[in-house]
Structure formats: structure tokens, C-alpha cells
Amino acid sequence: MQKIIKYKVSDDAEFVREIELKDDSSFKDLHTAIQKACKYDPSLITMFYIVNGDWEVDDEPENEILLERMDEKTQQDCRLMEDTPLNFVKVEKGQKYLYMYDLLSERCFFVEVVDVRNFTKKDEKTKFPKCTFAEGLPPQQIEMDDLEEEFEENPNIEDFDEFDEEEENPYYDNEFEDGYDEFGGGYNDDYNY
């Protein structure tokens, strides 16, 4: 029997959307519904991460669901949104995903399954996906044009591409070009990375 899945989409502020989709819809359908509910441009690169109950990401490629692959070699095991149905695993209340809607500044929404119900006769007349609840304004979407304007308008941002050779670039430090610190013990980790 077909199911209807209700997702809660939120950030850590006051923005919330609830979206219902049929369980045989794809993650691309969910992506498009989120983008439409936020009035975002759906063509920008986004991705879903499958996370655990504490919102922690396991960086295995099979836990990434991409709008499109940017690198076939490193992302060959990642799922694609358009090829991945929402029910590729058994859908249960409480399942969680991170939806990276802004990869440039690493901003995301928390997406959680809040209800799973049977498809009813009443649903036959409903067009899915459907936004059933909206609270707060979505964060502003940042586009490439916005970043280019910021670089053009801010004279304090330096252009690191103006140097032709590494030796000419005062920001390039080739002292430890092989990746080891002066003691031969690996990268110098002054910042505890």
C-alpha cells in the first residue's frame, strides 16, 4: 500500500516547513519541494546526508545523496537524488537527513520524518508534494553572483589569483612542501585540526 511521508524541514532558528510526499517520490522531488517552499533557485548544487539520531554524519559515500556528481571518481558510490526513491529504505518516523542547501557556505536544514501514513481516498484529489505548514522566513539563498559582487565591492578582500608563480605569492609557504613539519612528523597542526 502506498504511504504518505511528512517531513519537517527546519534550521536552528525559527524557520520550519512541513512537506508531504508519496513514498515512491524521489529525493529530487523532496529537494524541489524544499526549494519551492523556500522560493529558492532549485538549480544550485545541493545534497542530502543520511544521519543518525543525533544528527551526526557518517562520511561514507553511500550516505550522500547528490543532486549531481561533481567528480565521477570520488563520488561514484554516492546516490543521485533523481535515482533514489524516498522509500529506498523502510521509511520510519524519526529518520533524519541533513539537507545542504548552500554548499558554498556550508548551510543546511534539518530534515526529519514526522509522520508516515497510508494513502487514503482523500489523497487521490491532492497534488503532491504539498507544503502543509510554514513558519518563519527561510534563510537567504546565496548565489555565485552574490559572492562575486561581494568581492567586487569589498576592497579589503585580496585576490590570491593575481600571482603567476608560487614564488611570487607572499601567501605561499613552500618551506614544508612535502607535507611534513620540521620534525618530520606530518602536517604542522597549530590549530588542532
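The values are calculated or read from the model by the stated rules, or taken from the named source; none is laboratory data. Just so you know, these numbers come straight off a predicted model, no measurement behind them. Every residue, glycine as well, gets a Cβ built from its backbone with ideal geometry; the counts of neighbours run over all protein chains shown. The protein model used for the area step is the full one, side chains on, heavy atoms only, and it has no ligands, DNA or RNA in it. Shrake-Rupley method; radii C 1.70, N 1.55, O 1.52, S 1.80 Å.
With the contact rule set at Cα under 8 Å and sequence spacing of 6 or more, what percent relative contact order holds for the range 1-113?
It rounds to 30 percent for the range 1-113.
Lys/Arg Cβ at +1, Asp/Glu Cβ at -1, dipole of the range 28-91 taken about the Cα centre: which of GLY53, MET70, MET81 is farthest positive-ward?
MET81
Per-residue counts of other Cβ atoms within 10 Å, averaged by peptide: what ranking do you get for 116-123, 95-102, highest first?
Going by the mean number of other Cβ atoms within 10 Å, highest first, we get 95-102, 116-123.
Compare SER25, SER43 by solvent-accessible area with a 1.4 Å probe and give them largest first, with all protein chains kept in place.
Result, largest first: SER43, SER25.
Considering the Cα trace of the range 1-91, what is its radius of gyration and what is Dmax, both in angstroms?
Final numbers for Rg and Dmax: 13.5, 39 Å.
Please tell me which of these pairs span more than 18 angstrom C-alpha to C-alpha: LYS28/LYS122; LYS8/LYS28; LYS28/LYS73?
Those over the limit are LYS28/LYS122; LYS28/LYS73.
Magnitude of the Cβ-charge dipole of the range 1-125, K/R +1 and D/E -1, about the Cα centre, nearest 20 debye?
Taking the Cα centre of the range 1-125 as origin, the dipole is about 860 debye.
For the range 67-112, just say rounded, prolate or oblate: build the C-alpha gyration tensor, square-root its eigenvalues into a ≥ b ≥ c, call rounded for a/c under 1.5, and beyond that prolate if a/b exceeds b/c, oblate if not.
In terms of gyration-tensor shape, oblate.
Among the lysines, which fall within straight-line cross-link reach of LYS121, defined as a Cα-Cα distance under 17 Å, with same-chain neighbours fewer than 8 residues apart omitted?
Output for LYS121: LYS3, LYS22, LYS130.
Could you please put ASP23, ASP58 in sequence from largest to smallest accessible area, using a 1.4 Å probe?
Largest to smallest exposure gives the sequence ASP58, ASP23.
Ranked highest first by the average count of other Cβ atoms within 10 Å around their residues, in what order do 29-35, 64-70 fall?
Values: 29-35: 20.7, 64-70: 17.3.
By packing density, highest mean first, the sequence is 29-35, 64-70.
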